[in-house]
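For reference, the structure is listed below as structure tokens.
Coordinate-derived values only; no laboratory data. All values reported here derive from a predicted model rather than from experimental measurement. Neighbour counts run over all protein chains shown; Cβ positions are idealised from the backbone, glycine included.
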Amino acid sequence: MTKTGQEIGEQQRVDNPEPRTFASVLRSHQSMVFSIAYHFLRDRPAAEEVAQDVFLQLHKRFEEFESDAHIAFWLRKVAGHRSIDYVRKRKSQAAVDIDDVPVPSVDGEPEDHFLNRRLRLLIGSLPEKPRMVMILRYQEDMRPEEIASAMDMPVRTVKSHLQRSLAMLREKIDRSMGDVR
């Protein structure tokens with residue numbers, strides 16, 4: 001049995017009671033985009049700049065997206081790539097000590113794997129792509145397949161980055177604090 005245009009329209013209104021607007025997408029995803037950029041860059045103004053750039057790109061292409069899931073996937077992917085690009089551009093500039101970067105104030109800090117200052121510093125010492133893989137895996141809780149798709153790399157490379165990064169972090173922790181296992 002085929003549905004009439006009216007039935008299809010009614011079904012769409014039931015599935016999606018209000019039309020998707022750029023403002024609603026911005027509100028629902030801005031913290032995720034900022035969080036990816038901030039944890040990668042460890043610099044609030046830089047993360048804000050990257051997030052703004054990501055949402056400007058989204059605004060230009062907003063009509064191309066078919067679903068909220070497609071938008072969320074695209075935002076993660078672009079936030080990761082823009083963060084890496086930002087670091088590459090900034091490498092020629094003077095480096096800022098992590099102690100000089102202000103920590104954003106939040107009411108009731110959420111439990112987060114990256115709140116431990118030492119761990120943040122160790123993760124920050126990883127090369128760019130492995131660092132982004134770690135952030136997407138452990139902060140955004142993405143599966144390796146999703147990370148591979150978002151970063152345009154093979155799943156084996158993602159898993160390899162995760163294994164090597166964890167081994168590097170374990171070794172650095174052992175050197176700085178003694179054997180923790």
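Observations on the structure shown:
- Cβ-Cβ under 7 Å pairs, at least 6 apart or on other chains, the stretch 60-75 side surrounded by fewer than 16 Cβ atoms within 10 Å (Cβ to Cβ), far side part of a helix (DSSP H, G or I) and not charged (D, E, K, R): Phe62/Phe22
- Selection count, the stretch 21-42, where residues are out of contact with any Phe, Trp or Tyr (no Cβ under 9 Å at 6 or more places or on another chain) and either surrounded by 20 or more Cβ atoms within 10 Å (Cβ to Cβ) or closer than 19 Å to Met142 by Cα (or both): 7
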